[in-house]
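> Sharing a structure below in structure tokens format, with a few things to ask.
The values are calculated or read from the model by the stated rules, or taken from the named source; none is laboratory data. Owing to the predicted nature of the structure, the values given are computational and were not obtained by experimental measurement. The accessibility values were calculated without ligands, DNA or RNA, using every heavy atom of the protein model including side chains. Shrake-Rupley method; radii C 1.70, N 1.55, O 1.52, S 1.80 Å.
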Amino acid sequence: MSEIVDLRSDTLTRPTAAMRRAMADAEVGDDVYGEDPTVREIEERVAELFGHQAALFTPTGSMANVLAVRTVAGVGQEVLCEARAHIARAELGAHAAYTGITMRTWSHPTGGIDLPAVKELFAPDMGPFFVPTAAIAVENTHNFAGGTVLPIEDLIALRQYADSTGARIHLDGARIWNAHVATGVALADYGRTADVMAVCLSKGLGAPIGSLVVGDQDAIDESRIWRKRMGGGMRQVGVLAAAGLHALEHHVERLADDHAHARLLAEAVGVDPAAVATNIVVFDHPDAAGFVAAAGESGVRISAVGPRAVRLVTHLDVTTEDAQRAAAVLLRLAAG
Ligand SMILES: Cc1ncc(COP(=O)(O)O)c(C=O)c1O
């Protein structure tokens, strides 16, 4: 049990000893030449998991999102997404800056898909006065909505709508592994609802770095060119891909522990544990910054994600004892 319980994000994990050994032992080559066998292995493995043709290793989820979205929408077109989507709120305008797209949003209390709202917004071709909608982006699990899972039925309904209109679908699956473990829905079933995806190894899976774009061969070929153009061509990064392969092998099923810890913490801050689907708890507090500061003084690090919104995230480096200790602190603060 560590002194401080750090619940700010699941990106804070440090590689385990076994992961570090896997990294040290990785076979490597120059990946810009396509000669890193470990990178190739993770790209093939992840593409297969989601039932897609190909995948591309990237340093960050944000880069994977930018590359993926640009395969489904181009300059002067728009992408529809939920108002708190990471692509809209937390990528610093990258999709506008690099790809030249705009976004319009619908709002959903749990970050879900509001199909009637999507239909209302959708405008593929309304003449030369309107921005044409090219794609719809969804986020599963949804970070700022509190780690919520998109029901597979809603994703299938969106897929059917998209097929009927010619819209493309991007899935920000930074935490798709958490959705899979929480619901038992196969990764390939999530994969088949999207044209292109971004998935992260550096969140709940505990790798120090690494994300992938997943899609058909054309999308991945195009993404490889754009990754290089953006300065993201990497050399002997099999050492990083090895961490991801280790994580896929050993850190997926254990996400259930993080989900149980999140429910325990939810109870302490007055959130119905049944409403917590995965490893993130977001709750209202009249003074989010004050609550976060008070928790920090008591050894529990959490974050404000809005003036009245507080977020807790459980992860690989939070033990059951850590979660219990943090819950006791938060219970005291929430009561007082
Ligand atoms: C849903 C979601 N998508 C994408 C990202 C971006 O990942 P990265 O921080 O690796 O750029 C994050 C980061 O937390 C995220 O929560």
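> So, in Å, what gap is there between the alpha-carbon centers of the stretch 279-307 and the stretch 1-40?
If we compute the Cα centre of each part, the gap is 29 Å.
> Follow-up question, since we're still on this one. How big is the chain in terms of Cα radius of gyration and Dmax, in angstroms?
19.9, 62
> Would you please give the residues with an amide H less than 5 Å from that of S211, counting only those at least 5 places away or on a separate chain, with H modeled from the backbone geometry?
Close amide H contacts, sequence-distant or interchain: T58, T60, L201.
> Using a Gaussian network model of the chain with C-alpha springs under 10 Å, which one of V271, V149, V318 is most mobile by mean-square fluctuation?
In the Gaussian network model the winner is V271.
> Ordering M103, M19 from largest to smallest accessible area (1.4 angstrom probe), what's the sequence?
On the way: M103 60, M19 0 Å².
The most accessible residue leads, giving M103, M19.
> Taking the convex hull of the Cα atoms, report for the stretch 118-232 its projected area averaged over all directions, in nm².
For the stretch 118-232, averaging the hull's shadow over all directions gives 9.0 nm².
> Run lengths n ≥ 4 of DSSP H only: what is the helix-derived mean residue ellipticity at 222 nm for the chain, with -39500 (n - 2.57) per run over all residues, to the nearest 500?
Numbers: 13 runs with 137 residues, N = 336.
Helix contribution divided over all residues of the chain: -12000 deg cm²/dmol.
> If amide hydrogens are placed 1.01 Å from N in the peptide plane, which non-local residues have theirs closer than 5 Å to the one on R168?
A135, I136
> Continuing with this model, one more query. Using the alpha-carbon centroid of each, what span in Å lies between the stretch 146-174 and the stretch 220-248?
Spelled out, the Cα-based centre of one part sits 26 Å from the other.
> Something else now. Quick one: 3J(HN,Hα) in Hz for the stretch 182-197, Karplus 6.51/-1.76/1.60 with θ = phi - 60°, rounded, Gly and Pro as x.
5, 10, x, 5, 5, 4, 5, 5, 5, x, 6, 8, 10, 7, 8, 9
> Given C-alpha coordinates of the stretch 65-188, what is the ratio Rg to Rh with the Kirkwood estimate of Rh?
Checking Rg against Rh, the ratio lands at 0.95.
> Here's something else I'd like to know. For the stretch 254-335, what is Rg from Cα atoms divided by 2.2 N^0.38 Å, rounded to two decimals?
On the way: Rg = 11.5 Å, N = 82, 2.2 N^0.38 = 11.7 Å.
In units of the globular-protein estimate, the stretch 254-335 measures up at 0.98.
> Mind listing the Cα extents of the stretch 61-104 along all three principal axes, in Å, largest one first?
22, 21, 15
> Between Rg and the Kirkwood Rh of the stretch 263-304, both from Cα atoms, what is the Rg to Rh ratio? Provide the component values of the computation, followed by the final result.
Numbers: Rg = 10.6 Å, Rh = 10.9 Å.
In the stretch 263-304, Rg relative to Rh is 0.97.
> Anyone know which of E44, E321, E78 comes out most mobile in the 10 Å Cα GNM of the chain?
Answer for the Gaussian network model of the chain: E321.
> To continue, here is another question. To the nearest 10 Å², what's S164's accessible area with a 1.4 Å probe?
In the full protein context, S164 sits at about 90 Å².
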